[in-house]
Amino acid sequence: MSKTTDRPSDSRGGIRFDRVSVAYPGSTDTVALDSLDLTVAPGEVMALLGPSGSGKTTALRAVAGFVRPTAGRVLLGDRDVTDLPPHRRGIGMVVQQYALFPHMRVADNVAFGMRAQKVPKKEIPGRVAEALDLTGMSAYAERYPRELSGGQQQRVAIARALAIRPGVLLLDEPLSALDARLRSDMLAELARLHRELPDVSILYVTHDQIEALTLADRIAVMDRARLQDVGTPQDLYRRPRTEFTASFVGNANLLPVTVGPAARDTVSFGRTELTVPTRGAAAGATATLCVRPHLVGLGDGPNSLTGEVAEVQWRGATHRLHVDVDGHRLKADLRELRRPPAPGERVTVHFTPDDAVLLTAGVSADG
């Protein structure tokens, strides 16, 4: 491990994972994080998105100092903090359980971190007021946590993290305990906070793709302890590079195809020839075609496919059709239909060439 000096860390230069690996103590088989190479720029919101056990929370805990890398370095700005204890890193952290002290009023909860960091007593009241104002909780300073709703408690937890004026804010599934309405409201609040605190780098761990797409400047997609892909939400959604990214960042139809002759921009799906951008893929290669459900239309059109309706789901403003085509299930999200087709009915669906993305083997993420 590299040497560090024991002084508070200035983390305002962002976060750098330099090939960070974490293995469980005493085990040579269980790797929780495998050679993560990733940079979070100053002021950027980076979402770590992936299923349970993908390594995303381990990565966040490595930044916080709660787990020690078995290899690699963690840098905040230009400082190597791999060996620094958590309280010397100058980081704010919010977890899903809120972790408020029930016997303390809101103002005291918010002040707790500053007292632990030995902030001068005369500065604390003003910084508490500033943090509560920033999170819209000024009117609740004298209440106890039990007197607050779940969303209000989470705002207090965020205020406590911001009161220490961190250069890096770590958010570990902060909205998972909230209901759908509160989650939506808190996403809007977090987006506002980001606008008001443009110098704070945020690392946001979630398994919820909507949260990641809504809040993040970039998303790092994790699976099986490794970084699978990284890019802007728009890039990962519209032009995913791997099947895992396509299926985890939004819903996707993934169809097995064979690339047609060179320069024709065609693929074969079963016995049907489809026109899609092949982008130089080798003729005869096997690949996967990704088409988002909302880009699939009902009726004849370019790239038409005919199959049997297996299921119809009403979703308020939309209907989702599940259509069996040549042994594969195709999803189509359509504006609410006055007379949706019934299960067992044969229908034709279509999608335009530019709405399809060809995924070929051998694509890897670059950190």
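Table for the structure above
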{"item": "Förster radius 22 Å - calculated FRET efficiency between Y144 and Q97 (Cβ-Cβ, nearest 0.05)", "result": "0.85"}
{"item": "Magnitude of the charge dipole, the stretch 15-238, Cβ model with Lys/Arg +1 and Asp/Glu -1, debye to 20", "result": "680"}
{"item": "Lys/Arg +1, Asp/Glu -1 at C-beta; the chain dipole; positive extreme among H350, A141, S184", "result": "A141"}
{"item": "For the stretch 20-92 and the stretch 142-182, distance of Cα centres in Å", "result": "22"}
{"item": "Length-normalised contact order of the stretch 152-227 in % [C-alpha pairs under 8 Å, at least 6 apart]", "result": "33"}
{"item": "Order of Y140, Y204, Y24, Y237 - criterion: other Cβ atoms within 10 Å of each residue's Cβ, fewest first", "result": "Y24, Y237, Y140, Y204"}
{"item": "At R0 = 56 Å, FRET efficiency that the Cβ-Cβ distance of V119 and R329 yields, to 0.05", "result": "0.45"}
{"item": "Residues V128, V323, V357 arranged by fewest to most Cβ contacts within 10 Å", "result": "V357, V128, V323"}
{"item": "Mean ellipticity per residue at 222 nm, deg cm²/dmol - from DSSP H runs of n ≥ 4 across the chain, formula -39500 (n - 2.57)", "result": "-6500 deg cm²/dmol"}
{"item": "The chain: radius of gyration over Cα atoms, expressed as a fraction of 2.2 N^0.38 Å", "result": "1.17"}
{"item": "At least 27 Å along the helix axis (C-alpha) and Kyte average at least -1.0, DSSP helices within the chain", "result": "none"}
{"item": "Mean Cβ neighbour count within 10 Å, used as a protection proxy, ranking 245-253, 257-265 highest first", "result": "245-253, 257-265"}
{"item": "Aspartates and glutamates whose Cα lies under 17 Å from that of K121, excluding same-chain neighbours fewer than 8 positions away", "result": "D108, E130"}
{"item": "Within the stretch 109-249: Cβ-based charge dipole about Cα centre, in debye rounded to nearest 20 (Lys, Arg +1; Asp, Glu -1)", "result": "420"}
{"item": "Dipole of the chain, positive end: most advanced residue of H207, G50, H103 [Cβ charges, Cα centre]", "result": "H103"}
{"item": "Net dipole in debye of the stretch 283-367 [+1 Lys, Arg Cβ; -1 Asp, Glu Cβ; about Cα centre; nearest 20]", "result": "320"}
{"item": "Per-residue Cβ neighbour rank within 10 angstrom, fewest leading, M114, M222, M46", "result": "M114, M46, M222"}
{"item": "Label point at H294 placed 7 Å out along Cα→Cβ; residues across the stretch 318-343 whose backbone nitrogen lies under 13 Å", "result": "318-319, 333-336"}
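Computed from the coordinates by the stated procedures, all read-outs in this text should not be read as laboratory data. Quick caveat: nothing in here was measured; it's all calculated off a predicted structure. We place every Cβ from the backbone using ideal geometry, glycine too, and count neighbours over all the protein chains shown.
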